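All remarks here apply to the structure that follows.
Computed from the coordinates by the stated procedures, all read-outs in this text should not be read as laboratory data. In this text the structure is predicted, and so the values were computed from the model without any measurement. Cβ placement follows ideal geometry from the backbone for every residue including glycine, while neighbour counts extend to all protein chains displayed.
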Amino acid sequence: MDRDTSRLFEGFKEAPRDLDASRPVLDVSIRPACVSDADCIGRISADREGRDPDTEIAAVRRSLSDGNLVQSRMVLVAEVDGSIVGFGRAQYRDMQPSESGGSLPEGWYLTGVVVDPRFRRMGIGSQLTAARMRWIAERGPVAYYFANARNRVSIALHESFGFVEVARGPTLGSESFAGGEGVLFRAKLSDLERRAP
C-alpha cells in the first residue's frame, strides 16, 4: 500500500516565488540549531510527516546531541519573533550505488527544508536554502539535492538557486520515492552570490 503523501507536497502555483503585496514582511533570523530546539523542530517535522510528535522530538534530540555527527551534517533553524518557524538540514553522504543503477554521488547534500504551514510562501525556505548553500560552499564546490518528482514547489525553489537535474529514477542510491520517481540535482557553488534570490 502506498504511503499517503498528500501532506508532503504543497500545491504548486505557476510562479511560486512571485512576491505578493499582501504578504507580511518578516524579520527572519537563521542560526544553527541546538539541542534546546528539538521540541520545536520535532513538532514541525511531525506535523509535515504525519508522525507522532513525541517520537519525532526524541529522534531530533538524539540527532542534535550526537557530537560525532557535527563534521558530517548540520541543521539550521529560522526564527520569527523568537519562535522557530522552520528548519533546514545538510549532510555529507558517501557514494551510494543502487541495484537499479541510480547511484548518488559522494558529496554535500541539502537534505530537507520544512517551514511551519502558517509561515510558508514568505521566503523562509529560500533563506534557509541560501544559508545552507553558503555553509556547503565553505566545504566544497558542489551541492546536491534530490526530491520526489511530484514535489514541484521544492524543485522550483532549488532551480532558482542554480540546481540542474542530473539523474532520475524510481530509486536513487538507497532512497525510494513514495508514489513516483526521484530526481537528483546538482549546483556549482562558485557563483552562489550572483544566483541567490
Check: Non-local amide H neighbours of ALA149 (under 5 Å, H modeled in plane, Pro and chain starts lacking H): which ones?
Finding: GLU181, GLY182, VAL183
Check: Ranked highest first by the average count of other Cβ atoms within 10 Å around their residues, in what order do 129-138, 29-38, 111-120 fall?
Finding: 129-138, 111-120, 29-38
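Work through the residues other than ALA78 whose Cβ is under 12 Å from its Cβ and net out their charges, Lys, Arg +1 and Asp, Glu -1. Working shown, then result.
Values: positive: ARG31, ARG120, ARG132; negative: ASP27, ASP37, GLU79, ASP81, ASP116.
That works out to -2.
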Checklist line | ASP39 paired with SER83, simple spin-label distance in nm, labels 7 Å along Cα-to-beta-carbon | finding: 1.4
